[in-house]
Amino acid sequence: ERLRYVLGLLLLLHSTDSFYVPGVAPINFHRNDPVEIKAVKLTSSRTQLPYEYYSLPFCQPSKITYKAENLGEVLRGDRIVNTPFQVSMNVEKKCEVLCNLPNKPVTLTVEQSKLIAERIREDYYVHLIADNLPVATRLEFYSNREEEEKKKEKDVQFEHGYRLGFMDGNKFYLHNHLSFILYYHREDVEESQEHTYRVVRFEVIPQSIKLEDLKTDEKSMCTLPEATGSAPQEIDPTKENQLLFTYSVHWEESDIKWASRWDTYLTMSDVQIHWFSIINSVVVVFFLSGILSMIIIRTLRKDIANYNKEDDIEDTMEESGWKLVHGDVFRPPQYPMILSSLLGSGIQLFCMILIVIFVAMLGMLSPSSRGALMTTACFLFMFMGVFGGFFAGRLYRTLKGHRWKKGAFCTATLYPGVVFGICFVLNCFIWGKHSSGAVPFPTMVALLCMWFGISLPLVYLGYYFGFRKQPYDNPVRTNQIPRQIPEQRWYMNKFVGILMAGILPFGAMFIELFFIFSAIWENQFYYLFGFLFLVFIILVVSCSQISIVMVYFQLCAEDYRWWWRTFLVSGGSAFYVLIYAVFYFVNKLDIVEFIPSLLYFGYTALMVLSFWLLTGTIGFYAAYMFVRKIYAAVKID
């Protein structure tokens, strides 16, 4: 019955992946209606620095207008702007010159030529959108290289955006001709009405064609050369270059409905890896649960039964194990204010991540609403301050704290202050590079206003009510004189504990981590939130279990200083995330420059810190509940 339930849940989650709630209403076009092509940005996985479209000398329209953007788009470095491409619904264009008269080509200065050559060397991609659909380049390849298999259909994958140009030896070539292929879906209408169309796919084939090979006339029309005889347009960075920017438009009818138009971009070729990873993680967690239930529960029952026997006084005199430290186990730790503040931030993160993944799993944060995920995460973190404050305040009171106002301020500023500080320093470096990834000053002021205007008051409110509430009820009294802690074995060392405790939670999620890293650092779309939700649940369960095991062993070794240790050890998987990030940087990314490397490790440090807070908080609360439960079960004089 339980297996059937789990399989049912997995099927539900799998169907959730393809479920799509449109972020915007569909736009219906009639024949000849203009379809606006906008530019988003230029990106490169080698430099991690996005640039706006007109940072390069592309053809400009008579009036440049930028789209108003949400917080998420600004933080991602999107700067959506209009372009001079004239595209009309279902109207073909063989070849048209984009700007300047055909007999007067665009002349690039030496500086502009140098800049374009540098961007080509850095492997930059150009991102355009038509009707909010990003442009993609089709890549076709054979899945099997054997001769008889080659006759079969090719595998098709799509690359986001198109390459700015390419290198051959030490020469640079610019893609100056774009062949747009747009797919439309014809909507069903009554006979008397005019047909309406919807854009369902946007592809491009970029080409590099030498100025001399393009034949043009006075109407800005041009003729493309034969594919075999044409030479590419070289950009020589040491001198001025002349070239023409041209484009062609081809329309094709498609059966894809408007609601499914994002499937091309979101289809993952390796869904089976996700299933394998999920099943692997579920098996690991069930295995761990089995061991935990068998060992801990059996041992605990035995312990409790022994401790509650009052027959033999001599036996009780020689008692050992966790009952011995009952008078010290709830002794408040050092720095209770900082501990409760970090745990408050952990609760804030936990609530934010849980809600974001759940809402995204239901399809409400689709990629068509650009920046929606990041905007939602920012606002949710601010509003979850009330829960973070409440839990931090209650715990601080339980740990015999008195200065609640200072504690609330510490909770509201400690973790967000570190995040803001690191981001500000990184932002200064991005500003220096004139990248669109730099957060503009007004946005930074707005974020500060949100922090001090929304998050801080909410944390104070939560802290006030948490501090006024009855503290957690500890089942045993604390002795006045602290007990001496015996010498600990080598394997009870904090660092060994972190290494041991981090393996299982990390093992349960590292495959998903690979896809998340690819989405962040290689400009991929990540949309498997159904899988991510399940992985998150597995992570919570495995962190809780491993934390309980570790705290039990620690108390059996008669070491009652478990508060900080549990928090540190439960976050052990963050250490493995850091090692994995270094491995990913060395093996998967082609970053060589200083500033991109600094950005990568700066943002990775933030991810690792957040992950440590999250897993540490989960483990701490699981261990605290466990300790209160076992000491409530033994009779103590």
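The values are calculated or read from the model by the stated rules, or taken from the named source; none is laboratory data. Treat the numbers as computed from the prediction; the structure is a model and nothing was measured. A quick note on method: Cβ atoms are made from the backbone with ideal geometry, for glycine too, and the neighbour counts reach across all protein chains shown. For accessibility, only protein heavy atoms count, side chains too; no ligands or nucleic acids. Shrake-Rupley method; radii C 1.70, N 1.55, O 1.52, S 1.80 Å.
Of the residues making up region 321-335, those that are open to solvent by less than 30 Å² (accessible area, probe 1.4 Å) and out of contact with any Cys (no Cβ under 9 Å at 6 or more places or on another chain) are Lys323, Val325, Gly327, Asp328, Val329, Phe330, Pro333. The residues on offer are Lys219, Lys239, and the sole one that is part of a loop (DSSP other than H, G, I, E, B), under 21 Å from Phe58 (Cα atoms) and modelled with pLDDT under 85 is Lys219. Restricted to region 493-510, and to residues there that are aliphatic (A, V, I, L, M) and open to solvent by 30 Å² or more (accessible area, probe 1.4 Å), the residue that is farthest from Asp123 (Cα to Cα) is Val496. Exactly one residue among Lys104, Lys94 is open to solvent by 30 Å² or more (accessible area, probe 1.4 Å) and either in contact (Cβ under 8 Å) with a residue 24 or more places away in the chain or polar (S, T, N, Q) (or both), and that residue is Lys94.
Taken over region 193-249, the criterion of being out of contact with any Asp or Glu (no Cβ under 6 Å at 6 or more places or on another chain) and among the polar types (S, T, N, Q) is satisfied by Gln193, Gln207, Ser208, Thr216, Thr223, Thr228, Gln233, Thr238, Asn241, Gln242, Thr246, Ser248. State the number of residues belonging to region 576-606 that are of a type in the set (A, V, I, L, M) and either over 18 Å from the mean Cα position of the chain (by Cα) or exposed (fewer than 14 other Cβ atoms within 10 Å of the Cβ) (or both). Residues that pass the stated criteria total 7.
Return a yes/no flag: does region 594-608 have any residue that is of a type in the set (S, T, N, Q), in the same structural domain as Met364 (by the TED database), touching a residue at least 24 places away in the same chain (Cβ under 8 Å) and more than 26 Å from Asp123 (Cα to Cα). Scanning region 594-608, I find no residue that is of a type in the set (S, T, N, Q), in the same structural domain as Met364 (by the TED database), touching a residue at least 24 places away in the same chain (Cβ under 8 Å) and more than 26 Å from Asp123 (Cα to Cα), so the answer is no.
Filtering region 382-407 to residues that are assigned to a helix (DSSP H, G or I) and open to solvent by 30 Å² or more (accessible area, probe 1.4 Å) leaves Phe383, Val386, Phe387, Phe390, Phe391, Arg394, Arg397, Trp404, Lys405, Lys406. Kindly provide the set of residues from region 607-618 that are open to solvent by 40 Å² or more (accessible area, probe 1.4 Å) and of a type in the set (A, V, I, L, M), ordered by number. Once the filter is applied, which keeps residues that are open to solvent by 40 Å² or more (accessible area, probe 1.4 Å) and of a type in the set (A, V, I, L, M), region 607-618 yields Met607, Leu609. Restricting attention to region 619-637, the residues that are closer than 23 Å to Cys351 by Cβ and open to solvent by 20 Å² or more (accessible area, probe 1.4 Å) add up to 4. Set side by side, the residues Ile27, Ile64 differ, and just one is among the β-branched types (Val, Ile, Thr) and not assigned by the TED database to the domain that holds Arg121, which is Ile27. In region 96-112 there is at least one residue that is over 30 Å from the mean Cα position of the chain (by Cα) and within 26 Å of His185 (Cα to Cα).
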